[in-house]
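What follows is calculated from the coordinates using simple rules that are stated; it is not laboratory data. In this text, all values refer to a predicted model and were calculated from it rather than measured experimentally. Positions of Cβ are backbone-derived with ideal geometry, glycine not excepted, and every protein chain shown enters the neighbour counts.
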Ligand code: F6P
């Protein structure tokens, strides 16, 4: 990485920040679609940023996915923030165990010397189960913790990629395709105007809850995710974007 890259990144960061109306944008070199190391670097950058804002006794809610797995891999103790609580933002959402929010949350807590609470709910949830499960005392307790989150760290995915990865039903796939969904985050699928096209039924953080949380940090890179990142930020509920060079360069082409 040369000085010229640094200033080039600064200009890019500023452009993205202004256009998407964000508080902070950080770009790491490379394309995480192509190299695992780039995703690791994305994870490390997210950890550095998290430590720069985290204070003692705060609650951090996290989502699943491979980018968040990279964040958990790179997690380390903070030298100032102690006693933090890590919670999954929402239920399983159809990810493999190693990429589930519960797994990531436990690993992050362990590495940060923090505490964690997990959310055990069937995935996907039927309407009936949903109604009775939110009345369970143990579920109620963790939902309370989730709503108290001070910081949220989450992934953003391409809508169709995520629907397929979750083995969504034909009906859901059709809804997502005919509604022209572009991005996915927190189990919500958005079109390119930021409109919600479909929502996975599960307990935990709802989109509305995000507006009350001061630090909502998105971690998403790779050229293939540029459109998704753009679409997700149309509804503007996150304040920070940690991305890579390839996504950033592709993103500004669309501005
Ligand atoms: O399924 C959890 C999740 O955070 C989604 O909301 C998001 O679209 C996806 O993972 C991102 O996954 P990855 O980082 O592997 O692209």
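The average projected area of the chain, computed from the convex hull of its Cα atoms over all directions, is 13.0 nm².
What the Cα atoms of segment 9-103 give is an Rg and a Dmax of 14.6, 39 Å.
This ranking places 169, 239 by how few other beta-carbon atoms lie within 10 Å of each, fewest first, which gives 169, 239. With contacts taken as Cα pairs under 8 Å at a separation of at least 6 residues, segment 21-97 carries a relative contact order of 32 percent.
Using every pair of separate Cα atoms, the Kirkwood estimate puts the hydrodynamic radius of segment 31-155 at 14.9 angstrom. Its alpha carbons considered, segment 135-184 gives a radius of gyration followed by a Dmax of 15.5, 39 Å. Highest GNM mean-square fluctuation among 38, 11, 47, for the chain modelled with Cα contacts below 10 Å: 11. Based on Cα atoms of segment 129-255, Rg over Rh with Rh as the Kirkwood radius reads 1.00. Extending 7 Å from the Cα toward the beta-carbon at both residue 55 and residue 180 defines two label points whose distance is 4.4 nm. Over the chain, what relative contact order in percent results from Cα pairs under 8 Å that are six or more residues apart? Worked out over the chain, it gives 24 percent. Any idea what diffusion coefficient segment 93-187 gets from Stokes-Einstein, in µm²/s, Kirkwood Rh on alpha carbon pairs, 37 °C, 0.692 mPa s? Rounded, D is 214 µm²/s. In plain terms, the chain from residue 164 to residue 128 could stretch by 10.5 nm, reckoned as 0.36 nm per residue minus the Cα-Cα distance. Only residues of segment 195-217 count here: report those whose backbone N is under 13 Å from the spot 7 Å along Cα→Cβ of residue 234, or say none. Of the residues in segment 195-217, 195-198 have backbone N under 13 Å from the label point off residue 234.
For residue 96 and residue 10 in the same chain, what is the full-extension length gain: residue separation times 0.36 nm, less their Cα-Cα distance, in nm?
Length difference between fully extended and current span is 27.4 nm.
DSSP assigns beta bridges within the chain; of those with both partners inside it, close to 30 percent run antiparallel.
Output the direction-averaged projected area (hull surface divided by four) of the convex hull of the alpha-carbon atoms of segment 7-51, in nm². With the hull built on Cα positions only, its mean projection is 3.6 nm².
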